[in-house]
Amino acid sequence: MGKSKKDSKKDEARSEALRKDIDFIEHTWEDAKLYEHYGIDNLEGGLSSSQVLANRAKYGENRLTPPATTPWYIKYLMQYTNFFALLLIAGGLLCFIAYGVEASAKPNPDQTNLWLGVVLIAVVIITATFSYMQEASSDAIMEGFKNMIPKKCKAIRDGTVHVLDAWELVPGDVVTMGDGDQIPADICIKKATDFKVDNSSLTGESEPVDRTTKMAVDDAGNPITQPLEAENLVFYTTIVNSGAATGVVIGTGDRTVMGQIAGLATETSNEATPINIEIKKFIMLISAVAITLGVAFFIIGFVLGTDPISNVVFAIGIIVANVPEGLLATVTVSLALTAKRMHQKNVLVKNLEAVETLGSTTVIASDKTGTLTQNRMTVQHAWYDDKVVKTPSTKNHPQFKTVMSTLGAEAAGVVNPNDETFKYLLSCAILCNNSEFILKDPFDDQAPTLDLKAELNKPDFNLLQLDCTGDASESGLIKFTQMVEDYAAKRKVCSKIFEIKFNSTNKWQMSIHKNADGGEVPNLYLKGAPERVLGMCKRIMINGEEVEITPEWREKYTEAYEGLGGMGERVLGFAYKRMEGYTNDYDFQSKPSRNFDMEDLTFVGLFSLIDPPREGVPEAVAKCKRARIKVFMVTGDHPITAQAIAKQVGIIDQDKWDAGKATVVKGDDIRDWMEIEDPVERQARWDEALSHEQIVFARVSPAHKLLIVENNQRRGEVVAVTGDGVNDAPALKKGDIGVAMGIAGKDVSKEAADMILMDDNFASIVNGVEEGRLIFDNLKKSIAYTLTSNIPEIAPFLCYITVGLPLPISTVLILCVDLGTDMVPAISLAYEEKESDIMDRPPRNAATDRLVNRRLISFAYLQIGVMQALAGFYTYFMVLNDYGYAPRILMQQGLGWDYSSLMCVLDDAGTPLRCGYGCETVEDPGLSEKWAPCQAGCEAPTIGFGNPFTEFTDAGFRGFNSSLGDNATEATCGRSCAWYEANKANPMVVGTPLMTEADVAMFEATCAGVNASMLGFPYSETDGSVNRGQAFGIRKTADPGAFYWWNGQQQYFPNNAYQSNALRYAQTSYFVSIIVVQWADLLIAKTRKLSIFEQGMRNGFMNFGLCFETVLGILLVYLPFLNSVFSTRPLYVLHWFPGVPWSILIFVYDEIRKMLIRQNPGGWLEEHTYW
């Protein structure tokens, strides 16, 4: 049942709302207003039990609404509604009907139509079942969201802390949260102590974020109200990293940020893949051709007087010959093989059709963290002694020593570990740092502890991949410092006495340690936001000496800080103080107030960190540029950081930036666009931004990412989307192809995606693009190979119905080609190697570069197909000629070939001149007992032994006298005593072959008896018996004086078995000729332009395919039980060879065509024949 207009408008409104930021404003209210709105008396008391019930009745339970689902059996039945399936089902039903009609009319009907119907229906069932198994997994996506929902939480109700199931929460509940807790709803913070939250499942950014009771403000001091930017909100399903907080629930279930993402993920439909669209268009084209030809020639057959059953069988044959029944199976297997090959390149393909989609991609919308970058903060630069130096990021000591020795200890622009100031900076980074290396598997008690010192000396060890405790910045610091000084040894000597942890108010972290020289005076080390750290310092260390901070030094600091920040790096300041006047055993305290002085510090320097690009990403981006694929970065990170990474990996080129062809679009920009009422103006803003060649989208929300995908698709782009977080699920599902991360990816993103990068590396996507383009090329080759056999399959039926040629190939043998001999060779083309320029071409233009285009149809049908058909007819005529049926006598004989024996008039040399059929065979048992000689056709009598009741005299066939009009057939085939009495005085009959003097004498003698009425082939209106008519399917009657013709000579008695067997041999030879010419077709399909001598025969599976189709053909021809099933006959060996010259002709023709194309690029031949 369709939706009402009201429902549709409601759905449209919901869809638009989901694409905007969630409508939270409660976090901007004063406490009193918030408490009053939800019925909270005070924070300590929480909601009362009655208010909980009232709020639940108003807002509902804290659950995600599952999407409407379609029953599995309906989904399965829907697979049978596509046009291809309906066409084959219709063909199968017509086969059953034709068989049923024939079975009701004949005691021993031909079972070809029955088996043909079974095969066609079986093909539909197998294809539909496989398609159903490949259905999109929207239900699984929702299951992924369910797995993320918190199970338990702590809420204050009626003044008491209760442990509740998360679904029981209602807006207004007061919830307490601590380390490791999963946030059970969207909550506005009212109390917080050093509270940090991991929002990576929402934003994709791994760095924990601070959450406080205060609203964040922008640079102008205005409060930031967007929920994802707000600092006083925590979100459903995120994780508490550290600290504790109490807050009020303001969003539950669907009205949460996570609920919005879930709604987008289940609301967005899976887009039809380009290959799916191409195959559908191809099937519609082929089906239209098949139906048009079938109907047209059905009408022609009807006009020519062909009986209805023959016409129906003919129409079925046309459909079966036109439709490549094995195409979908070939495509599916080819895609599966490519998916297997991609798995070896760290790409797991979930949706097989996605392989080709990646090859058609014009835009890659890539996540930054973990995809373009390594997802680990790494020290990039240091600033000390008024110089910015690079800090080499190395994996082990041998590599570090090699890098440093190569650069030289005094190399300009590179850190020198011997600098005095750097030694102090190094101590700050090691000691004012709580991160440690995880040296033992926490989940395996039996696992040995890693000997870090020993491992670092191994050239194959990678310290950068070793996991650490603590946040990403601290981990990055110790991974760098460990190369210079062992952190564990340093901390052991300089043991920690006291520390103040980082918090969002101070924006710094401080620790006090024992002195390394063993003295009693401790040292204080400070790390934090550079401006805060510098503000606590009066001196700065230069070349190991402390000097006063002057305005000039502040200016130099500012220049360095802004320069590093401008490169998108996270900058940390470090300070030091020798705590004169204090001893190691002093009881340092910070609460309720600090009991020591820390204002007079010495600024040591800066370290800057960034999540660096992955190895191979810049090269992969460059490859995309060559392939004319645009790479957009889509991230929740800061615009400056995003732009810096984009420039490092090549997504933004400086020359493009200077020319105004590159831009950074911020989330705030998209919010402004979405507020525009006029859809035309809103679309114009999108088009203006997307017209840039290089784009970075920064500080975007999940809804924005979806809008980016949708607007690119609106502009005709084929969009590949990457992502790893829950926030990416809607865009992953909406994109033409969704690519999730296998290592860092959440289950929800993996469910929504079409393929998964097992190594989370952007470079693997580019490998996928290459494979996708290769599979399109190879599918094109496979279809070209498959379509060429359509003409030799269709042409016999056209000749059968138009010129009456005995059918050169049966519908069952056509299926043997489509689903048998052609299948493995067609699939083998999926193994072809890529062409050298595959990544130098632009992406496939879906509007012009079709899977099946005009040039391919021309090549397959009008060039190679015609040559194959000529080869088939040549072989067919040659075999029938060997069995005594010369080509000149076959026209107009086809429809009656299996029902009556051919009769011919010979010339003086004994060569048949004109041939045709006579009377139908006797099938009535009563008559056949009396006229046994006529059961398979009456015998021609020898001289002096005539029979007046048969159609023969001793001079041959009596013929049909057209001057008798309607009585002509009865005069020849329905001869009886009653007919004699009615015509014995007819001058048009007496004295002609219809009534010779011998006939009159015998009629007079025999018709005088008591059983005269039973003689001959009488017609009786009372008992319903009907006299014989002309032969079934007759188009050309035999001339007077004709005799039976078979085995190459005149015969006196019919031999339908010989005649039928001769045709079966000819049909088998036609089938074999298709195999022979398909050898050449497979070889020429290997390349589209190159010579096969350049490409070579390295495709082992193709070589097997050549052998396979040959061996299968041999089995079908020579195994007796297969002869019975498929009506084949064991050919003489020589009858395999008539098709060989044609096969050579096809090969030579195509090699010359390709050579001329290569010699004249862009010429007429390439324009019209390069498919």
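The values are calculated or read from the model by the stated rules, or taken from the named source; none is laboratory data. Predicted model only: the values in this text are computed from it and were never measured. So basically every Cβ, Gly included, is an ideal-geometry build from the backbone, and we count neighbours across all protein chains shown. For accessibility, only protein heavy atoms count, side chains too; no ligands or nucleic acids. Shrake-Rupley method; radii C 1.70, N 1.55, O 1.52, S 1.80 Å.
A few remarks follow.
- Top positive-direction residue, dipole computed over the chain with Cβ charges, set Tyr1118, Ala720, Ala998: Ala998
- Along each principal axis, taking the top coordinate minus the bottom one, the Cα set of segment 378-610 gives 47, 42, 34 Å in descending order.
- Computed accessible area, Ser405, all protein chains, 1.4 angstrom probe, square angstrom: 90 Å²
- Phi-based couplings in Hz for segment 1139-1149 (Karplus 6.51, -1.76, 1.60; Gly and Pro marked x): x, 4, x, 5, 4, 5, 4, 4, 5, 5, 4
- Among the protein heavy atoms of the chain, carbon and sulfur supply 56% of the accessible surface, probe 1.4 Å, non-protein parts ignored.
- Applying both filters, DSSP loop and at most 14 other Cβ atoms within 10 Å, to the trypsin sites (Lys or Arg not before Pro) of segment 1028-1125 gives Arg1098.
- Unit charges at the beta carbon, dipole of the chain: most positive-side option, Ile497, His704, His513: His704
- In the chain, helical runs assigned H by DSSP with n ≥ 4 each contribute -39500 (n - 2.57); averaged across all residues and rounded to the nearest 500, the mean residue ellipticity at 222 nm is -13500 deg cm²/dmol.
- Extent along the principal axes, Cα only, for segment 340-414: 57, 27, 19 Å, with the longest axis given first.
- Rg over Rh [alpha-carbon atoms, Kirkwood Rh] for segment 1052-1141: 1.13
- Annotation for segment 814-883: GluC sites (Glu not before Pro) lying in DSSP loop with at most 14 further Cβ atoms inside 10 Å of their Cβ are Glu833.
- Of the residues Trp1142, Trp508, the one with the largest accessible area comes first in the ranking Trp1142, Trp508, computed with a 1.4 Å probe on protein heavy atoms.
- By DSSP, the beta bridges lying fully in the chain are antiparallel in about 75 percent of cases.
- Cα pair distances exceeding 63 angstrom across the chain, given as percent: 34 percent
- Those chymotrypsin sites (Phe, Trp or Tyr not before Pro) in segment 429-500 that DSSP places in a loop and that have at most 12 other beta carbons within 10 Å: Phe443
- Phi angles across segment 666-674 convert, under the Karplus curve 6.51 cos²θ - 1.76 cosθ + 1.60 with θ = phi - 60°, into 3J(HN,Hα) values of 9, x, 4, 4, 5, 4, 5, 4, 5 Hz, Gly and Pro given as x.
- Segment 684-803 pair-distance distribution - Cα-Cα, 10 Å bins, rounded %: 12, 30, 25, 13, 10, 8, 2, 0
- For Arg539, distant residues with modelled amide H under 5 Å away: Ile549, Leu601, Phe603
- The residue among Tyr525, Leu425, Ile610 whose Cα reaches farthest toward the positive pole of the charge dipole of segment 378-610, with charges on the beta-carbon of Lys, Arg, Asp and Glu, is Ile610.
- Gyration tensor verdict on segment 590-714 (Cα atoms; rounded if a/c is under 1.5, prolate if a/b is larger than b/c, oblate otherwise): oblate
- Fraction of C-alpha pairs exceeding 18 angstrom in segment 672-747: 43 percent, rounded to a whole number.
- Kirkwood Rh, angstrom, segment 835-928 [1 / mean 1/r, Cα pairs]: 18.6 Å
- The angle between the Cα long axis of helix 702-714 and the main principal axis of the chain comes to about 40°, on a 0 to 90 degree scale.
- Using the Cβ-Cβ distance between Thr65 and Asn276 with R0 = 45 Å, the FRET efficiency computed as 1/(1 + (r/R0)^6) comes to roughly 0.90.
- Acute angle (nearest 10 degrees) that the helix 138-148 long axis makes with the longest principal axis of the chain, alpha-carbon atoms: 20 degrees
- Per-residue SASA entry for Tyr525, accessible area with 1.4 Å probe, Å² rounded to 10: 10 Å²
- Angle of helix 639-649 to the longest C-alpha principal axis of the chain, folded into 0 to 90 degrees and rounded to 10: 60°.
- Per residue accessible area of the chain, 1.4 Å probe, in Å²: 42 Å²
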